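The values are calculated or read from the model by the stated rules, or taken from the named source; none is laboratory data. Being a predicted model, the structure only gives us computed values, none of them experimental. Here Cβ is always computed from backbone atoms with ideal geometry, including for glycine, and neighbour counts include all displayed protein chains.
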Amino acid sequence: MQMNHDAYDDNYIRSILNNVKSIAMVGASPVNVRPSYFAFKYLAQRGYDMIPVNPGHVGKELMGKPFVASLADIGRPIDMIDIFRNSSHIMPVVEEALKLSPPPKVIWMQLGARDDAAAEKAEAAGLKVVMNRCPKIEYGRLSSEISWMGVNSRTLSSKRAPIPTQGMRLSLNRTSFSGGQTAASDRAAKNKTETP
Amino acid sequence: MTDRLPGFSTLAVHAGAQPDPTTGARATPIYQTTSFVFNDADHAASLFGLQAFGNIYTRIGNPTNAVLEERVAALEGGTAALAVASGHAAQLVVLQQLLKPGDEIIAARKLYGGSINQFTHAFKAFGWNVAWADPDEIESFEGAVTPHTKAIFIESIANPAGSITDIEAIAAVARKAGVPLIVDNTLASPYLIKPIDHGADIVVHSLTKFLGGHGNSLGGIIVDAGTFDWSKDNKYPMLSEPRPEYHGIRIQETFGNFAFAIACRVLGLRDLGPALSPFNAFMILTGIETLPLRMQKHCDNAKAVAEFLSTHPAVSAVNYAGLPGDRYNALQRKYAPKGAGAVFTFSLKGGYDAGVNLVSNLKLFSHLANVGDTRSLVIHPASTTHSQLDDAAKVKSGAAPEVVRLSIGIEDKEDLIADLDQALRA
Ligand SMILES: Cc1ncc(COP(=O)(O)O)c(C=O)c1O
C-alpha cells in the first residue's frame, strides 16, 4: 500500500515511537535554543538512547553523549535516524543510512523537511518513513503530555494520567481520533503544495 | 487500521480531560494556584526556555485551563487553543501577534457592537487601522485589501441580527491576499458551524456565551487551525523572526502547525496579561459538556419564537435565518443546517418607543446585555449596546431604532411565546 505522507495515521506514528529504542539525530545542535537541541533533550528524558551526529561538533558532548561525525561512526545498530536538515540535504543522509549494516528501521525527517524521492528509496529498502513531523511533538501529543500547552492531542482516555518523571517512557496507547487527518492538517498540506 | 472519529457529543464530554494523576478525581479539578514548583534549576530553565512542556505560572498556563483549551480545539477541529479572560481579550491577543502600528485589518461591518468599539477606538490607538467591509458584498472585502492588510475578521453568525456569513467566499479573498481569516464563532458555537472546515485560519470565541452557556462566567478562547504559513514573505515577524526573550528561537520553526497558539500564549498572554481564572475555566468546561443538548434546544426554541413573531400584528419584520423566506436562509442551510442559532432581531411597527416598552413589559425574558444564556434575554440595541454608534452606523450594523434583539434560552417555548405575546399586547 502506498504511504500517505500528507497525513499519518496515529497508529503508524505510535508503533514507531513505541518500538524504537535508539535514535541517531543528524544535525543535532549543542546550541540550547535550536529546535534540534529541544527535541534531543526531550527524547533523551523520555528514555530513548540518543546519539548526536554532526561533523561540526565532534569532540563535544550533548547531554553527556559524544558527537559523532557520521552515521558510519556510530559503530552499533541504531533503530531510527531523525534528520534535522533542510529538505535539500536529506538524500545523502538516507543513502548513507541504507549502507549501514544492519540498516535502521525508521527514517524520520523533521518538521519542515520532506524529500519524496529519498522516502521512496528508504521504503523500497523496507524502512518506515515519516516526513515533516517532530518526534518530540508527536510523542507529547500521543502521550497527552503536550496538552499542558493547550494542544489538541486528538486522543481520549478515561484512565488515570501518569505523573511523568525524568527518563520515563509514557504510554502512547490512548484512544486516537482522526489521527493526523483533520480537515485542518489536510488543508495545511494542500496549501503547502499549492503555494511552494 | 484507521482511527475512529468520535462524535461531537463524545468530544464535548471527554476531549482534553483525563482522571487526575494524583487523586484519580474524575471531574477536572480546579487548580486554583498561581504557580507551580520546579523539579530543579534545569527543569525551571527548560520550561522558561520553551524546551519542555509544563506549568510555570497561571498567567501563562494552568492545568484546568489546558483541559478547556484542548476541548475547544478538538470541537473546532484546530491544532491548539489558548483560553483567555474574555472574548475581547481573545481578539486583542490575536491581533497583537499579527499587527504592528500602521498595519490594517479588514473587518465585517456586521459585528458585535462591543467589537466595533474595540476596533474603532482601542485598536486605533495602537495604530491598528480597520477597513470595514460588508459581509453581504464579498467584493467589498476584495476592494479593501491593501499592502498593509494583515488579517480579515468576521463573525460566523453575526451579532445582533443573526445573519449568516459566507465564510468560504471570504476565506477565498483572504487566501488570495495571503492573510489569515479570523472567525468569531461565538453565536454559532462549533455545534452549529465549524469555521475551520470552511477555510478559517483562526477561530475566536467569547466563551461567556453559548459555550459556557449559563451566564455565570466570562471567558474567551483562540483556536489555531494550523493552516497558515506565518513565515512566508516575513509578513508576521512575531512568528517568523528570532525572539530575543526566548534566546532567539523562532516560534513557527519550533512549534510547527500550532505556532500561532503558542505565540498567543508566550508572547501575547504572557505580556498583556488577560489570563482566565481556573474557576471560570471549570464552570465553562462543565457548560461545554451539555453544549450539543443545549444548542439544539436553543435553536428549536428560537425557530418557534421567530415563527410566532413573524405572524404577530405588532411586528413589522423578523430577521431569523432559520425562516424559509429570510435572506440568509440559503446560507443557513449550507453552513448551519442543524439550526440558525438563538440570537436574532425583529422590528416593531411602533418604532423606538415600542422597543423600549416591550423590554419593560416582558416578565420571563431578562433585560440585559448578554446572549447565550440558559435564560431567555432581550435587549433594545439602539438604546444600549449600539447606543454609541450614530444612526447610519446603527442601521448598517443591524441595530436600527425599531429593532429588538432576543437571545432565546432553553425554557419551554410555549412560555416564551406567551410572555412575548402579553408584552406585545400590553
Ligand atoms: C460575537 C461576540 N464576540 C465577542 C464578544 C465579546 O466577548 P466578551 O464579553 O466575553 O469579552 C461578544 C459579547 O457579547 C459577542 O457577542
Among what's in the range B:366-416 and is of a type in the set (D, E, K, R), surrounded by fewer than 23 Cβ atoms within 10 Å (Cβ to Cβ) and touching a residue at least 40 places away in the same chain (Cβ under 8 Å), pick the residue that is farthest from the ligand (Cβ to nearest atom). B:Asp415
I need the full set of residues from the range B:76-99 which are part of a strand (DSSP E or B) and more than 12 Å from the ligand (Cβ to nearest atom), in order please. B:Ala80, B:Ala81, B:Leu82
Those residues of the range A:36-67 which are over 19 Å from the mean Cα position of the chain (by Cα) and not in a helix (DSSP H, G or I) amount to A:Val58, A:Gly59, A:Lys60, A:Glu61, A:Gly64, A:Pro66
I need the full set of residues from the range B:1-19 which are facing chain A (nearest Cβ under 7 Å) and free of Cβ contacts under 8 Å to residues at least 12 places away in the same chain, in order please. B:Met1, B:Thr2, B:Asp3, B:Arg4, B:Leu5, B:Pro6, B:His14, B:Gln18, B:Pro19
Since B:Ile249 meets every condition but one in (1) within 14 Å of chain A (Cβ to nearest Cβ); (2) of a type in the set (A, V, I, L, M, F, W, C); (3) closer than 21 Å to B:Val72 by Cβ; (4) touching a residue at least 12 places away in the same chain (Cβ under 8 Å), which condition does it not meet? (3)
Output for the range B:201-211, where each listed residue is more than 8 Å from the ligand (Cβ to nearest atom) and either among the β-branched types (Val, Ile, Thr) or within 27 Å of B:Lys150 (Cα to Cα) (or both): B:Asp201, B:Ile202, B:Val203
Within the range B:175-195, does at least one residue satisfy the condition of being in contact with a helix residue (DSSP H, G or I) (Cβ under 7 Å, 6 or more places away or on another chain), within 12 Å of the ligand (Cβ to nearest atom) and within 12 Å of chain A (Cβ to nearest Cβ)? no
Return the only residue of B:Phe53, B:Phe48 being facing chain A (nearest Cβ under 7 Å), within 22 Å of B:Gly256 (Cα to Cα) and free of Cβ contacts under 8 Å to residues at least 60 places away in the same chain. B:Phe53
Scan the range B:220-240 for residues that are in a helix (DSSP H, G or I), out of contact with any Phe, Trp or Tyr (no Cβ under 6 Å at 6 or more places or on another chain) and of a type outside the set (Asp, Glu) and report the count. 4
Using the structure shown, decide if A:Ala113 is touching a Ser or Thr at 6+ places or on another chain (Cβ under 9 Å) and among the small types (Gly, Ala, Ser). yes
Among the residues of the range B:349-365, what is the count of those that are in contact (Cβ under 8 Å) with a residue 60 or more places away in the chain and either outside any loop (DSSP other than H, G, I, E, B) or within 15 Å of the ligand (Cβ to nearest atom) (or both)? 3
Residue that is farthest from B:Ile222 (Cα to Cα) [pool: residues in the range B:98-130 that are of a type in the set (A, V, I, L, M, F, W, C) and out of contact with any strand residue (DSSP E or B) (no Cβ under 9 Å at 6 or more places or on another chain)]: B:Ala125
Subset of the range B:212-235 [under 19 Å from B:Lys297 (Cα atoms), more than 10 Å from the ligand (Cβ to nearest atom) and buried (at least 24 other Cβ atoms within 10 Å of the Cβ)]: B:Gly213
Look at the range B:46-60 and say how many of its residues are touching a Phe, Trp or Tyr at 6+ places or on another chain (Cβ under 9 Å) and part of a loop (DSSP other than H, G, I, E, B). 9
B:Trp132 passes all but one of the listed conditions (1) touching a residue at least 24 places away in the same chain (Cβ under 8 Å); (2) part of a helix (DSSP H, G or I); (3) surrounded by fewer than 24 Cβ atoms within 10 Å (Cβ to Cβ); (4) more than 12 Å from the ligand (Cβ to nearest atom); the exception is number (2)
Restricting attention to the range B:100-118, does a residue exist that is away from the ligand (no atom under 16 Å from the Cβ) and assigned to a helix (DSSP H, G or I)? no
Which of (1) free of Cβ contacts under 8 Å to residues at least 60 places away in the same chain; (2) more than 16 Å from the ligand (Cβ to nearest atom) is the odd one out, the single condition B:Ala73 does not satisfy? (1)
Here are the criteria: (1) within 23 Å of B:Ala400 (Cα to Cα); (2) more than 17 Å from the chain's Cα centre (by Cα); (3) surrounded by 19 or more Cβ atoms within 10 Å (Cβ to Cβ); (4) within 16 Å of the ligand (Cβ to nearest atom). Tell me which single one B:Phe123 does not satisfy. (1)
Can you find a residue in the range B:31-41 that is of a type in the set (D, E, K, R) and modelled with pLDDT under 95? yes
Which of the residues belonging to the range A:150-192 are at pLDDT 85 or above, at the interface with chain B (Cβ under 7 Å from one of its Cβ atoms) and outside any loop (DSSP other than H, G, I, E, B)? A:Val151, A:Leu156
When the residues of the range B:236-257 are filtered to those that are buried (at least 24 other Cβ atoms within 10 Å of the Cβ) and under 30 Å from B:Thr10 (Cβ atoms), which remaining residue is nearest to the chain's Cα centre (by Cα)? B:Asn257
How many residues does the range A:99-143 contain that are over 17 Å from the mean Cα position of the chain (by Cα) and buried (at least 18 other Cβ atoms within 10 Å of the Cβ)? 1
